[in-house]
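Working notes, beginning with the structure itself.
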Amino acid sequence: MTGDRRMILKPNQRSQIIPLPVVLISTVSEGGIRNAAPWSCVIPVLRPLDEVLIASWLKRDTLENIRQTGEFVINIPRAGMEEAVMICARSYPPETDEFEEAGLAARPSAAVKPPGIEGCLAWAECQVEEEIAREKYVLIVGRVVHLEADDRFFSEADGMDYEKSMPLCSMGGPNGMQFVRPISTGKGDRYASMLGSSPNQ
Ligand SMILES: Cc1cc2nc3c(=O)[nH]c(=O)nc-3n(C[C@H](O)[C@H](O)[C@H](O)COP(=O)(O)O)c2cc1C
């Protein structure tokens, strides 16, 4: 980029330049209280593997529940679910059932105790592998032990139909974040090309 188009930002504005996913993490406490919270610091670790990484501030019921049970579900909400997502972002006492607060219907999970959330596009049931403590936050490495998607929007041949399913994402801004969703540029390539392999591999 030429010098005259350069704009220097503060390092902590990085969340204004990196588009992020918006997921809902569902957990239960030891006592069985259901919790749901929006999360953007969540990433599959290296494409062919089955681990995920989430970052959590220390003061989160989600983190407390994950520590108590070792389990969580990553639910992928659709555009249109913003209101429920923002209700779940409110700070409720740990004894509040956040499914009830946000009007979310639970769907039984196959391999973990926390339920998933109906109306989402996909559900990744996870078990904790490792917690990495930092001064102000923790990183949790989870393993996906069961994964399901709504077959109206997902096929093995074509993957997620994101134009139809509208997975929710966000971009940070100076005064807050806005919800966005992916659209196609019309271009793409095979996984082999990501690794710099020859077209015949
Ligand atoms: C779009 C969005 C993304 C968020 N991402 C995170 C995140 O990655 N990590 C985190 O600790 N909190 C994140 N939060 C804040 C929590 O969702 C919020 O503090 C919530 O009340 C936590 O609920 P809990 O205490 O029931 O876990 C995010 C909030 C929103 C709206």
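The values are calculated or read from the model by the stated rules, or taken from the named source; none is laboratory data. As the structure is a computational prediction, the values presented were derived from the model and not from experiment. Using ideal geometry, Cβ is built from the backbone for each residue, glycine included, and neighbour counts are taken over all protein chains shown.
Looking only at the range 118-127, decide whether some residue is charged (D, E, K, R), more than 15 Å from the ligand (Cβ to nearest atom) and under 26 Å from Q178 (Cβ atoms).
Applying the first criterion (charged (D, E, K, R)) to the range 118-127 yields 118, 125.
Checking the rest, the ones that are also more than 15 Å from the ligand (Cβ to nearest atom) come to 118, 125.
Going one step further and asking which of them are under 26 Å from Q178 (Cβ atoms), we end up with 118.
Yes, the range 118-127 has at least one match.
Is it true that some residue in the range 65-76 is surrounded by fewer than 12 Cβ atoms within 10 Å (Cβ to Cβ) and more than 15 Å from the chain's Cα centre (by Cα)?
Quick first cut of the range 65-76, residues surrounded by fewer than 12 Cβ atoms within 10 Å (Cβ to Cβ) only: none.
No - not one qualifying residue is present in the range 65-76.
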Next item on the list: Can you confirm whether the range 135-145 contains a residue that is modelled with pLDDT of 95 or more, over 21 Å from P48 (Cα atoms), in contact with a strand residue (DSSP E or B) (Cβ under 8 Å, 6 or more places away or on another chain) and away from the ligand (no atom under 13 Å from the Cβ)?
Entry: no
Notebook entry, point to check: Can you pull out the strands (runs of 3 or more DSSP E) entirely within the range 1-59 that have at least 1 residues that are under 14 Å from the mean Cα position of the chain (by Cα), among the aromatic types (F, W, Y) and within 14 Å of the ligand (Cβ to nearest atom)?
Noted result: 34-39
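Output the number of residues of the range 54-110 satisfying the condition of being under 30 Å from E135 (Cα atoms), without any contact (Cβ under 8 Å) to a residue 24 or more places away in the chain and of a type in the set (A, V, I, L, M, F, W, C).
Within the range 54-110, the first condition is being under 30 Å from E135 (Cα atoms), and the residues that meet it are 54-76, 85-98.
Still in the running and without any contact (Cβ under 8 Å) to a residue 24 or more places away in the chain: 59-60, 87, 90-91, 93.
Of the ones still in play, those that are also of a type in the set (A, V, I, L, M, F, W, C) are 87.
Adding up the residues that qualify gives 1.
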